[in-house]
1. Which of the following residues is exposed (fewer than 13 other Cβ atoms within 10 Å of the Cβ) and modelled with pLDDT under 90: A21, A3?
2. Residue check: is A179 more than 23 Å from T118 (Cα to Cα) and at pLDDT 95 or above?
3. I'm trying to understand the selection: among the residues of the stretch 30-76, which are among the β-branched types (V, I, T) and touching a Phe, Trp or Tyr at 6+ places or on another chain (Cβ under 7 Å)?
4. Being modelled with pLDDT of 90 or more, under 22 Å from E23 (Cβ atoms) and acidic (D, E): is that true of D162 here?
5. Is it the case that the stretch 145-157 has a residue that's buried (at least 24 other Cβ atoms within 10 Å of the Cβ), outside any helix (DSSP H, G or I) and modelled with pLDDT of 95 or more?
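The values are calculated or read from the model by the stated rules, or taken from the named source; none is laboratory data. The shown structure was predicted, so the numbers you read here are calculated from the model rather than taken from an experiment. Here the Cβ positions follow ideal geometry from the backbone for every residue, glycine too, while neighbour counts run over all protein chains shown.
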Amino acid sequence: DQAVFVLTPGLFSEFFTVKQANEESSTFHVLVFGRGDIEDFKLKGYDIAAKAVSKLSKRYFRLIFVGAPHGKEEEVAEKLCQHGIKRKQLKVRSFKESREDIARQFYEADLVIMPSRTEGFGLAALEALSAGLPILVSGNSGFADALQKVLNGSNCVVNSEDPKIWAKAIANVRKKKRADRLQEIKVLRTRYADENSWEKQCGVLLKHMFDCFSGE
C-alpha cells in the first residue's frame, strides 16, 4: 500500500491509502483533472493534453478527464475531440469529491499530467505524487519550481506547450516497466517530503520572523 497525503504547496500529512497495481496493463491511462469550462480550457492546457494523447497509439493510450460538471460529460468530451483526439480514446468523468473516488481515479491511472499554460501551484499533480503515481507537470507551474529543487524532480517537468513534446514525454514514461515507474516516483515522493517537511518549513518561517524583528 502507498499512502496518499493531504497537501499544501509545502507540507505533507497522511490522508488515506491507495494500493497501486503492479501489473502492467495493455492500455496506458493518462489522467488530467479539471472543470472543462471555456475559461480553464486553454489556461489549464486541456487542448495540449488532448492533442498529445491523440498523437500516440489509439490502441494503447487513453486520456481520462476527471472534473466535468455533472451532466456535461459529453459536452466536455466534444470540446476535447475538437483538438484531434478520437472519442474512443477518451473517457470523461464528472467531479469527484470523496476520498474513495479520488483514490479510485489514481488506482486506475498510469500517469497524471498537468500541461497548464499558467498554474499558481497545482495540487492535483501534488496529490498524484503523494499517491505514488507518475506525474508530468508544466514548467509554467509553481509545482515545477518546487520539483526542480529536489533531486531528479526535473525529470517530471515539461518545459514546453508543444503537444508533440508532451506526447514524447508521455511515451517515455510508458517505455519504463510499471514497477520501475512506481519505484522512481516513490523515491521522488520521499525526497520531496524531506525537502518540504513540517520541521524544515517551520524553521524557514521562524528565520523569516527573526529577520523581520531584527530589521526593525
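1. Values: A3 fails: exposed (fewer than 13 other Cβ atoms within 10 Å of the Cβ).
Selected residue: A21, the only one of A21, A3 that is exposed (fewer than 13 other Cβ atoms within 10 Å of the Cβ) and modelled with pLDDT under 90.
2. So A179 does not fit the description; no.
3. Within the stretch 30-76, the subset among the β-branched types (V, I, T) is 30, 32, 38, 48, 53, 64, 66, 76.
Those that are among the β-branched types (V, I, T) and touching a Phe, Trp or Tyr at 6+ places or on another chain (Cβ under 7 Å): V30, V32, I48, V53, V66, V76.
4. Taking the combined requirement at face value, the residue does not satisfy it.
5. no
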